[in-house]
1. In the range 169-212, which residues are more than 18 Å from Leu238 (Cα to Cα) and of a type in the set (S, T, N, Q)?
2. I'd like to check which helices (runs of 4 or more DSSP H) are fully inside the range 59-114 and have at least 3 residues that are over 15 Å from Pro144 (Cα atoms) and out of contact with any helix residue (DSSP H, G or I) (no Cβ under 6 Å at 6 or more places or on another chain).
3. Does any residue in the range 163-177 that is without any contact (Cβ under 8 Å) to a residue 40 or more places away in the chain come within less than 7 Å, Cβ to Cβ, of a residue that is in a helix (DSSP H, G or I) six or more places away or on a different chain, and which pairs are these?
4. Specify the residue that is farthest from Arg121 (Cα to Cα); the eligible residues are those in the range 25-51 that are within 18 Å of the chain's Cα centre (by Cα) and surrounded by fewer than 21 Cβ atoms within 10 Å (Cβ to Cβ).
5. Return the residue satisfying two criteria in turn: it lies in the range 86-106 and is free of Cβ contacts under 8 Å to residues at least 60 places away in the same chain and surrounded by fewer than 16 Cβ atoms within 10 Å (Cβ to Cβ), and of such residues it is nearest to Arg32 (Cα to Cα).
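Any read-out appearing in this document is the output of simple, stated calculations on the displayed coordinates, not a laboratory observation. All values reported here derive from a predicted model rather than from experimental measurement. For neighbour counting, all protein chains shown are included, and Cβ atoms are generated from backbone atoms with ideal geometry for every residue, glycine included.
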Amino acid sequence: MSRLPHLEPAVNTAVSTLSASSRFSGPQLFARYAFMPNRLTYCGGDDNAALFQYCIEGVTDQGLRELLKKFTGAVPYLKLIAQSNLIPDAFDARVVEAYWLGNELLKGVEARALYDSLRARFGKQLHAKDLELVLGKAPAGAHPHHGFHVLEVCPRNGWPQSLGYMDNCRVSWGKVVSLEGATLTAEVAPLQLIGNNLVLGAPELRRVKSQIDGRGMVDRAAPGDWISIHWGWACQVLTPKQLAALERWTRYHLQLANQTL
């Protein structure tokens, strides 16, 4: 494996999320983040209406699991996290949370396991130089987090390497300022390119879609709450632990990405 300087996020024992601080089942949690990119036809199957209905009704069954298996970009990461931590169900809430938000299960995935998984998945899809760069991030300290996939893999696997794409595709967080029908306004730190570095800028007001036909996934949100956002869609109200983990793992993978930007 090629070598890059190794990074690790600072350990904060107060930010443990192994207990799965989400009140949702694993499939329900996954569906909240998968819905909007599926609606935009970026990933998954072709039944986003069913996915949305599952979330609104709060139902978890085999039908939902079958819909989620079609997200072939994310599911292999879940399987890797689960296998590395001896968790039998890849849709366990702790595993799903580790991928989309981040928790210490990520540290249970050894660099060699991530390296081998990436090579098996992308060895025939990426050009040699891009493959070497992506694989080199495993020994440098990358983890199977959605932020890693957005910043390192997607731009080299046929997706446009644009700031707007990465800012929309990463899971961001925002503090709710106001709610106005089917949208809300939140303070969100935008992804910016300063010199040769990707950074999170000063928070700015951003309109976020929160409802379709009068229903959404953060209907109980109130001004002052923190929410997660994926492709302009409000996914869930975050607990303090989830918020801290998402920010920590996002900043960590930004730092790693800047080493080879």
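1. Once the filter is applied, which keeps residues that are more than 18 Å from Leu238 (Cα to Cα) and of a type in the set (S, T, N, Q), the range 169-212 yields Gln192, Asn196, Asn197.
2. Values: elements: 62-68, 75-84, 93-100.
Correct list: 62-68.
3. Cβ pairs passing all conditions: Met166/Val150; Met166/Leu151.
4. Going residue by residue through the range 25-51, those that are within 18 Å of the chain's Cα centre (by Cα) are 25-44, 51.
Restricting the remaining residues to those that are surrounded by fewer than 21 Cβ atoms within 10 Å (Cβ to Cβ) gives 25, 37, 39-43.
Values: Ser25: 27, Pro37: 21, Arg39: 25, Leu40: 24, Thr41: 21, Tyr42: 18, Cys43: 16 Å.
This residue is Ser25.
5. Among residues in the range 86-106 that are free of Cβ contacts under 8 Å to residues at least 60 places away in the same chain and surrounded by fewer than 16 Cβ atoms within 10 Å (Cβ to Cβ), the one nearest to Arg32 (Cα to Cα) is Pro88.
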